[in-house]
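To keep things clear, I will list the structure first and then write my remarks on it.
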Amino acid sequence: MDGRSAIERALALNPDLPLAHNLYTNIQVDQGQAREAMKRLLKRLASSQSDPELFSGLTHASRYCGLLEASIEADRQARRFDPNIHTTVTHSYFAMGDYQRAVETGGGDFGYFGPLRLAMLGRVDEAIALLKEKEPAVSERIGQVFMVSLRALLEGNREVSLRLSDELMNGAFRDPEGVYYLARQLAYLSEVSRATRLLKRTVDGGYFCYPQMASDPWLDPIRGDTEFKQILHRAEALHQEAIEVFRAEGGPRLLGQA
């Protein structure tokens, strides 16, 4: 039995398991169902408004839909009930362009995201040093490639960064938010066709965080491209659909938003 089947079975036996709802969110968003995950969590919160696991899942799903303020408020609510709960809010602050807050809220990651946050704050030398420090401890090839491709980009080694990016593009890596991080690296290097190919995969894969895509400075080199504009337009449309679902399911009320 795979992870999805196990969690679905657990929820079928007991639909009131908040932890299972949170874990199921991770599976759904990776399979392009962030809007469905958000809707499911809001329905659960309508009858269980004090469970941190549900709010943690909503932090994650809302970001994929581009509802960044909702994602951050869901994190606040989760921590109100459990100050030690793990959420992915650091990525939500990053998506908003609040890189300092992303640094402050960032927990441990395998070694890519911490240096990236520093780089976005202009602390490039620190980012490179941290990557060099963390790289030897990473055993999985995907993690190694992400880290070295970023370090090569920051060091100005375009050839190495592109070669490793191609390895990721052509491999089995599918997480749509992770694909977005790779796409923005390629956009930064003005690799228009490579970047737009991955951004299309990102949106088609269910990560349509339109506010991030509309403002991310690393995407600036490709903003004049026609295909990029079409991808951005599709992300905006999906984002608007998610906003309507969020409102219809009482999201503003459940999160105490006006």
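Applying a threshold of 6 Å to beta carbon distances and a minimum spacing of six or more residues, or different chains, the list of pairs starting in region 49-70 at a residue that is farther than 15 Å from Gly256 by Cα and ending at one that is part of a loop (DSSP other than H, G, I, E, B) and of a type in the set (Ser, Thr, Tyr) reads Ser56/Thr87; His60/Thr88; Tyr64/Tyr207.
Kindly indicate which of Phe113, Phe81, Phe94 is of a type outside the set (Val, Ile, Thr), surrounded by fewer than 17 Cβ atoms within 10 Å (Cβ to Cβ), touching a residue at least 12 places away in the same chain (Cβ under 8 Å) and touching a helix residue (DSSP H, G or I) at 6+ places or on another chain (Cβ under 8 Å).
Details: Phe113 fails: surrounded by fewer than 17 Cβ atoms within 10 Å (Cβ to Cβ); Phe94 fails: surrounded by fewer than 17 Cβ atoms within 10 Å (Cβ to Cβ).
Answer to the selection: Phe81.
Any chance region 62-78 includes a residue that's at pLDDT below 95 and among the charged types (D, E, K, R)? For region 62-78, residues at pLDDT below 95 and among the charged types (D, E, K, R): absent. With respect to the conditions (1) in contact (Cβ under 8 Å) with a residue 12 or more places away in the chain; (2) within 23 Å of Ala37 (Cβ to Cβ); (3) surrounded by fewer than 22 Cβ atoms within 10 Å (Cβ to Cβ), Val138 lacks only one, and its number is (2). Scanning region 161-179 for residues that are in contact with a Lys or Arg (Cβ under 9 Å, 6 or more places away or on another chain) and not polar (S, T, N, Q) yields Leu162, Asp166, Glu167, Met169, Gly171, Arg174, Pro176, Glu177, Val179. Within the set Ala183, Ala195, Ala242, Ala235, the sole residue that is among the small types (Gly, Ala, Ser), surrounded by 22 or more Cβ atoms within 10 Å (Cβ to Cβ) and over 30 Å from Lys39 (Cα atoms) turns out to be Ala195. Mind checking which residues of region 199-251 are part of a helix (DSSP H, G or I), touching a residue at least 40 places away in the same chain (Cβ under 8 Å) and either under 13 Å from Leu67 (Cβ atoms) or in contact with a Phe, Trp or Tyr (Cβ under 7 Å, 6 or more places away or on another chain) (or both)? Matches in region 199-251: Tyr210, Pro211, Gln212, Ala235, Leu238, His239, Glu241, Ala242, Ile243, Val245, Phe246, Gly251. Among the residues making up region 43-78, those that are assigned to a loop (DSSP other than H, G, I, E, B) and surrounded by 20 or more Cβ atoms within 10 Å (Cβ to Cβ) are Asp51, Cys65, Gly66, Leu67.
The values are calculated or read from the model by the stated rules, or taken from the named source; none is laboratory data. What you see is a predicted model; the values in this text were computed from it and never measured. Glycine gets a Cβ as well: all are built from the backbone with ideal geometry, and neighbour counts include every protein chain shown.
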